[in-house]
Amino acid sequence: MALALLLARPDLVRGVVAHSGRLVRLPGPDPTPEALSRAEVLVLHGAQDEVIPVVQGRKAYEVLAPLLGARVAYRAFDALGHGISEESIGAAARWLTARLNDGV
């Protein structure tokens, strides 16, 4: 849902950590690159996810990459299913900390 909100109302969202999810588009026009100029996204997914297949996380990244460029990152975790792990939480924490420390 956070990714959908980012694309529907980029004025309300500065950053998203999307973990084991998928991209759903809300009705309305596509955001302009200018509207997304401050947005950053981290997409994390378990490669063994049987609830929302990892291909959905990769697809979200592929939709966002042309819009965000280097401001979107993707990582799949080989041994992870539909859930979180110390490794994935660590990746999210490092990503968030970097942005908070940069004052972004």
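The values are calculated or read from the model by the stated rules, or taken from the named source; none is laboratory data. Everything numeric here is computed off the predicted structure, so don't read it as measured data. Note: ideal-geometry Cβ built from the backbone for every residue, glycine included; neighbour counts use all protein chains shown.
Side notes on the structure shown:
- Selection within the range 57-68 - within 11 Å of the chain's Cα centre (by Cα) and closer than 15 Å to ARG25 by Cα: GLY57, LYS59, ALA60, TYR61, GLU62, VAL63, LEU64
- Matching residues in the range 1-31 - criterion: being closer than 19 Å to ALA92 by Cα, of a type in the set (Gly, Ala, Ser) and assigned to a loop (DSSP other than H, G, I, E, B): SER20, GLY21
- Conditions (1) in a loop (DSSP other than H, G, I, E, B); (2) under 14 Å from the mean Cα position of the chain (by Cα); number of the one not met by VAL41: (1)
- Scanning the range 11-28 for residues that are buried (at least 16 other Cβ atoms within 10 Å of the Cβ) and among the small types (Gly, Ala, Ser) yields GLY15, ALA18, SER20, GLY21.
- Residue among ALA4, ALA8 that alone is farther than 29 Å from SER85 by Cα and surrounded by 13 or more Cβ atoms within 10 Å (Cβ to Cβ): ALA8
- A residue that is of a type outside the set (Lys, Arg) and within 24 Å of ASP102 (Cβ to Cβ) can be found somewhere in the range 44-55.
- Only residues that are aliphatic (A, V, I, L, M), assigned to a helix (DSSP H, G or I) and surrounded by 14 or more Cβ atoms within 10 Å (Cβ to Cβ) were counted in the range 67-95, giving 4.
- None of GLU50, GLU62, GLU34 is of a type in the set (Asp, Glu), without any contact (Cβ under 8 Å) to a residue 12 or more places away in the chain, surrounded by fewer than 17 Cβ atoms within 10 Å (Cβ to Cβ) and part of a loop (DSSP other than H, G, I, E, B) except GLU34.
- Residues of the range 1-53 that are within 16 Å of ALA65 (Cα to Cα), of a type in the set (Asp, Glu) and at pLDDT 95 or above: GLU40 alone.
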